[in-house]
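The values are calculated or read from the model by the stated rules, or taken from the named source; none is laboratory data. Since the model is a prediction, treat every value here as computed from it, not as a measurement. No Cβ is skipped: glycine too gets one built from the backbone with ideal geometry, and neighbour counts run over all protein chains shown.
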Number of protein chains: 4
Amino acid sequence: MANGTMAALRKSRPAPGLELDTMSAVPGIGPRDVLVAVRYAGICGTDHHIFDWDEWSANRVPLGIVVGHEFTGTVAAVGEGVSQVTVGQRVSGEGHIGCGVCELCRTGRAHICERIDIIGIDRDGCFAEYVAMPDHNLWVLDERIPDLAAAIMDPLGNAMHAVSAAQVSGRNVLVTGSGVIGLASVAIAQSLGAARVIATDVDPHRLELARHFGADDVVLSSDPGWVAEVRGITAGEGPDVLIEMSGHPDALSGGFAALRNGGTAALLGLPKSAVPLDLSNDIIFKGATVLGINGRIVYDTWYAVERFLLSGQLDLDALVTDVLPLEKFEKAFALIASRTALKVIFEIGAR
Amino acid sequence: MANGTMAALRKSRPAPGLELDTMSAVPGIGPRDVLVAVRYAGICGTDHHIFDWDEWSANRVPLGIVVGHEFTGTVAAVGEGVSQVTVGQRVSGEGHIGCGVCELCRTGRAHICERIDIIGIDRDGCFAEYVAMPDHNLWVLDERIPDLAAAIMDPLGNAMHAVSAAQVSGRNVLVTGSGVIGLASVAIAQSLGAARVIATDVDPHRLELARHFGADDVVLSSDPGWVAEVRGITAGEGPDVLIEMSGHPDALSGGFAALRNGGTAALLGLPKSAVPLDLSNDIIFKGATVLGINGRIVYDTWYAVERFLLSGQLDLDALVTDVLPLEKFEKAFALIASRTALKVIFEIGAR
Amino acid sequence: MANGTMAALRKSRPAPGLELDTMSAVPGIGPRDVLVAVRYAGICGTDHHIFDWDEWSANRVPLGIVVGHEFTGTVAAVGEGVSQVTVGQRVSGEGHIGCGVCELCRTGRAHICERIDIIGIDRDGCFAEYVAMPDHNLWVLDERIPDLAAAIMDPLGNAMHAVSAAQVSGRNVLVTGSGVIGLASVAIAQSLGAARVIATDVDPHRLELARHFGADDVVLSSDPGWVAEVRGITAGEGPDVLIEMSGHPDALSGGFAALRNGGTAALLGLPKSAVPLDLSNDIIFKGATVLGINGRIVYDTWYAVERFLLSGQLDLDALVTDVLPLEKFEKAFALIASRTALKVIFEIGAR
Amino acid sequence: MANGTMAALRKSRPAPGLELDTMSAVPGIGPRDVLVAVRYAGICGTDHHIFDWDEWSANRVPLGIVVGHEFTGTVAAVGEGVSQVTVGQRVSGEGHIGCGVCELCRTGRAHICERIDIIGIDRDGCFAEYVAMPDHNLWVLDERIPDLAAAIMDPLGNAMHAVSAAQVSGRNVLVTGSGVIGLASVAIAQSLGAARVIATDVDPHRLELARHFGADDVVLSSDPGWVAEVRGITAGEGPDVLIEMSGHPDALSGGFAALRNGGTAALLGLPKSAVPLDLSNDIIFKGATVLGINGRIVYDTWYAVERFLLSGQLDLDALVTDVLPLEKFEKAFALIASRTALKVIFEIGAR
């Protein structure tokens, strides 16, 4: 904040890429807002879509925006109406900002508010020295949570939301897609008492990682017989629960085909277009329950993630593969595109 | 049962149509089975598919089978191991016969047993003077339930299963498809405490019926603006619950588009082929819950239907439009095909 | 607010009674608070306990406090950090003010926050020309809700919370205690789809009222055979649900004895001292579920009450028996003590 | 079965003690019944009450009855209507025999049937060379389940029922009472994903065992400050879940006092008489949920116990401390009375 200027990674042009700018001022705050000095910020698949400027981004994201929504940092300033968060506290934040007045917001479901504002997508985000948010959206960190974990409570929360909603305790669980959120889901499912966790991916290396994160069985989903293999692992019955993290049509159709009658599917991976589903056989005759999972329940999911992190059941070092300064953003996005990295994090400020 | 022979409506040839045969014997019963003298039997859409010999029927139904699965009658004989049902009792029956030994059967979910046997589809059904079933599948009737209601507890149970599972109490409910089961769903949703029930159909006459059965609002779903109309009725928010009874792709896509964020969709209508769904927008971002509904929960659903019938909240006369003898089966199926009839029932034996 | 003074009904002395004072100033407000000009305020049983200065009051309530927690009024002023409530809006309010930072407050359960502050009990309440509250605790009223209903959304919410939690849809319901909240519970249970509602009271007049509010059956609980009578009404099985609104040991023991095996009891009435319960027979062998009900879920319950009021299913005129000016507070409390009145409301300001 | 006679441990006289008799015949079986040659049978606290002939036993148990309800054995004969169980199969059995025709029996809640018949209490039990039961009540064993585990699936099922119902996944759990079922509850809570399990007992040796079975923390409940100690372990908030296995009034009142606001208590331990409960503070203001737990859900609980046993998460050797022949029944009951033994099992027949 030398002279009040601020480094920020922005989407400035309607084309692939991002720009590292020096903005002339830090974000202003209203009476209920908080200014956070960002220390670490995680890169999400969504950020990569914005980098690539795909169709979804072009339709949704306003040019000029500061990107990024996963972060940790320190409270630098608070509005005059803020009393429950204080300068100097170490925080993470819920990037989905509900309107606050609709029924969904006022009944514990702000994550699906129809007028949701998301930092880094609809308003300035956290790939910058400072980010401003309503105090309600800040999560004060337990001192035992390491900074790198604090930076990714958002995607860990996606995994926790899906796994918790699907009620895995005592049940056999299939996780399709072993990326960052899929791997976290494997570890979370084990911690929440799953009987057996099966993970899939098209990449054998990711399957090794899935084992490392706690999968009892792994199945290569590029193998045409993968659905039968999953059913074989579950004594021919199929898993009780499907946690779908890939958004890929094959994972969806295969996952539903594998699912046991009466089973539950939690869907978080986003398909790029409409997916043809055999509703009769895969959902209706099967008596299945399908749960759409979006964001995190505020703050049920955050408390659950905190308990999970404090339990020590996540190998954070294995999940966060790269930490880079903001200047190396081109390399950071290249690492994600290569699929050799898992979670890549920007180091932005000092603690 | 003159001379032990029996009239029965069978699927004898791999072509459209059915045949009214005189079979040489009534069905035999094992030690745990019951023989029922059929009094009334309802015609279901499934029976019509078998009549038409569509692709599904040709792949599933064995030739020579006696068709029909909705009925009421009187116990004519019981196996030597049967003690809880006695000769002369008036009964209806659950036509889905589970294997009895799998986990689903033994945990209250026999309706989704993977080895289910359905009367009139997989084994001889009830369009006959007699039908045989395991005693476990019989429902002894309360004396206050009229015969014509007893004959259709199966489809009323489909409606009850869907509406109950979706938890409509205090919520705004959209029923797409105002056929027999859709109309019953409207009445059941009201009896279970829905705040407001909206019904759709492509047929204006069916919408009048929907009002008669208790819909607060009706919407013609052949109108291109029907989804906006539904949202308008619910103050722009969309219904909390979708009860999908048509199986039509437009009703599915429109129903999901109308559904409120965080809402619940219970799907019972069977699409004829794979349906392309915008999973990202209609289920995942929306945080929706989708319930596949198949058959009836044995016997939770039956008790609920009994309570509903005893409450007097169903206009049975309006639902059962035609009662015909088995001999007039061609006319009966023509009535259903014409869509002018609602429920058509065969009168087979005397009480 | 002539000269900034304010009339207020306060508990000034550690003895029975209240005092109508002229306070030298209206309540001050912080940046997130709202000042409400009170129009109507309802008298609750709790207020009567404070009037009487019973043991509970003497241990909990600070002397000098302005009493009262049920109200409606108009926003007179807002703090500088308040943007979602504006001057002139008609409001009611949630009197339970959570700490805002504990896990319960941040996961939709502020009503059971361990550091709850209740207006009229722990801090100044609404039997005054003005009351101040955090904006988060205000409920902006739909214009179709009448003032007298708006004044009692708090106790209607108690009833709604209990009845909703017990899941009455399609079930037989016993409401023990036909006071204001019990009578509202009867009407709410019917609107939420109860199969049959049975109400009890020791006062035959209250039973007439219970019928008026929708009870299918009423039972005089001073009759020693009342439990058998309740079971008889439910064909010997007992009600599926008990809504306990009296706090009386006989209602509790009788209600549990009547309850069907596997049934649910929602307890809201507060016993004055420890109650001996036959846990083995009444809860454990019975496989019962018991729900402690406190306050209202913020704001799930409020939305449900709003829907209920807009449905027109409550006879408000029958529930609110008396409307008096603040000056007649002695008469108001005498009316409640006499049990001839139901809800008594103070008219304080003009609209 | 030499000459068709059978050794059996019976309650023959209205006084303390049991008698080992030679009965003149093995039990007869009806068309749906199965005769099991008993191999092992576990002794339950209930058997000890019958041995002692306490007030409950004297009021409930008919003289002459064969005692015992936990067992494993081999199918020796089946009735002519039995097809799903065959001679030679290794089985355990659900000793609670529902009437089969009531709503509870027909909706998956036979364990709380009002006309329940329990082997060893209401009809002849399994402390004998043979026991007869309806085929519906037999559980065919997976070959990987050892005999001694198979003999105690009933009490393990009590623990599983309580822990499952209370939904411990991700939550802090307090188990009061570290007897056989309490210790099993500790192990089951860990396997179902509890965040932290705290066990109490008045006996320090039992606390050591609780640690061995997986408790994270143990608290001596004879210490007057034990409730505060439990709250301290949970950062002052109290456990989310109470699993009450002792039936002791101090454990009940202390457990409820410790329980977090909004928490869930599953009660299985049977108090000997009415327990005074501070309903206002411990249940109502707390917003607690209380679940009465009786028997096992047939067969949801049995499948869950099977999964748990196959997971290898129970130290069976530590739980079963003594295996004795039927002739040493006096010693067996003395071992239980001494509280030095945990589970004591009779070895009756050969495999």
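Here's the yes/no breakdown for (1) out of contact with any strand residue (DSSP E or B) (no Cβ under 9 Å at 6 or more places or on another chain); (2) in the same structural domain as D:V230 (by TED's automatic domain parsing):
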position	(1), (2)
D:G262	no, yes
D:A265	no, yes
D:G269	no, yes
D:L279	no, yes
D:I284	no, yes
D:G287	no, yes
D:V298	no, no
D:F308	yes, no
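Among the residues of the range D:10-37, those that are among the β-branched types (V, I, T) and more than 15 Å from D:D135 (Cα to Cα) comprise D:T22, D:V26.
Each residue in the range A:113-123 was checked for being free of Cβ contacts under 8 Å to residues at least 24 places away in the same chain, of a type in the set (A, V, I, L, M, F, W, C) and assigned to a strand (DSSP E or B), and 0 pass. Screening B:S280 against (1) polar (S, T, N, Q); (2) in a helix (DSSP H, G or I); (3) surrounded by fewer than 21 Cβ atoms within 10 Å (Cβ to Cβ) leaves a single unmet condition, (3).
Scanning the range D:255-270 for residues that are away from chain C (no Cβ under 11 Å), touching a helix residue (DSSP H, G or I) at 6+ places or on another chain (Cβ under 6 Å) and buried (at least 21 other Cβ atoms within 10 Å of the Cβ) gives a single hit, D:A258. Can you find a residue in the range A:124-131 that is under 29 Å from C:R296 (Cβ atoms), part of a strand (DSSP E or B) and in contact with a Pro (Cβ under 9 Å, 6 or more places away or on another chain)? No - not one qualifying residue is present in the range A:124-131.
Working only within the range D:307-329, note down all residues that are part of a helix (DSSP H, G or I) and either within 12 Å of another protein chain (Cβ to nearest Cβ) or touching a Lys or Arg at 6+ places or on another chain (Cβ under 8 Å) (or both). Walk me through how you get there before you give the answer.
Keep residues of the range D:307-329 that are part of a helix (DSSP H, G or I), which gives D:307-310, D:316-319, D:326-329.
Those that are part of a helix (DSSP H, G or I) and either within 12 Å of another protein chain (Cβ to nearest Cβ) or touching a Lys or Arg at 6+ places or on another chain (Cβ under 8 Å) (or both): D:R307, D:F308, D:L309, D:L310, D:L319.
When you go through (1) more than 10 Å from chain C (Cβ to nearest Cβ); (2) surrounded by fewer than 21 Cβ atoms within 10 Å (Cβ to Cβ); (3) not β-branched (V, I, T) one by one for D:A251, which number turns out not to apply? The one condition D:A251 does not meet is (2). Hey, does the range C:10-27 have a residue that's touching a residue at least 12 places away in the same chain (Cβ under 8 Å) and under 20 Å from the mean Cα position of the chain (by Cα)? No, because not a single residue in the range C:10-27 is touching a residue at least 12 places away in the same chain (Cβ under 8 Å) and under 20 Å from the mean Cα position of the chain (by Cα).
hydroxyl-bearing (S, T, Y), more than 20 Å from D:L270 (Cα to Cα), in contact with a Ser or Thr (Cβ under 8 Å, 6 or more places away or on another chain) and at pLDDT 95 or above, is that true of D:S169? Judged against the criteria, D:S169 is a match. B:A110 meets the stated requirement of being within 14 Å of chain D (Cβ to nearest Cβ) and more than 26 Å from C:Q190 (Cα to Cα).
Okay, residues lined up against (1) outside any strand (DSSP E or B); (2) surrounded by 16 or more Cβ atoms within 10 Å (Cβ to Cβ); (3) under 15 Å from the mean Cα position of the chain (by Cα); (4) within 14 Å of another protein chain (Cβ to nearest Cβ):
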site: B:G287; (1), (2), (3), (4): yes, yes, no, yes
site: B:I297; (1), (2), (3), (4): yes, yes, yes, yes
site: B:V305; (1), (2), (3), (4): yes, yes, yes, yes
site: B:T340; (1), (2), (3), (4): yes, no, no, no
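Note on the range D:74-100: residues that are within 18 Å of the chain's Cα centre (by Cα) and within 17 Å of D:A37 (Cβ to Cβ) amount to 4. The residues of the range D:203-238 that are within 13 Å of D:T176 (Cα to Cα) and touching a strand residue (DSSP E or B) at 6+ places or on another chain (Cβ under 7 Å), listed by number, are D:L207, D:A210, D:A215, D:D217, D:V218, D:V219, D:S221, D:W226, D:V230. The helices (runs of 4 or more DSSP H) found wholly in the range A:135-202 and carrying at least 3 residues that are within 14 Å of chain D (Cβ to nearest Cβ) and in contact with a helix residue (DSSP H, G or I) (Cβ under 7 Å, 6 or more places away or on another chain) occupy A:153-165, A:180-191. Of all residue pairs spaced 6 or more apart or on separate chains, those with beta-carbon atoms under 7 Å, a first member in the range A:255-270 that is at positive phi and a second member that is surrounded by fewer than 24 Cβ atoms within 10 Å (Cβ to Cβ) are A:G262/A:G287; A:G262/B:L104; A:G262/B:R109; A:G262/B:I112. Condition check for D:A210 on (1) of a type outside the set (D, E, K, R); (2) farther than 18 Å from D:F308 by Cα; (3) within 19 Å of the chain's Cα centre (by Cα): one failure, at (2).
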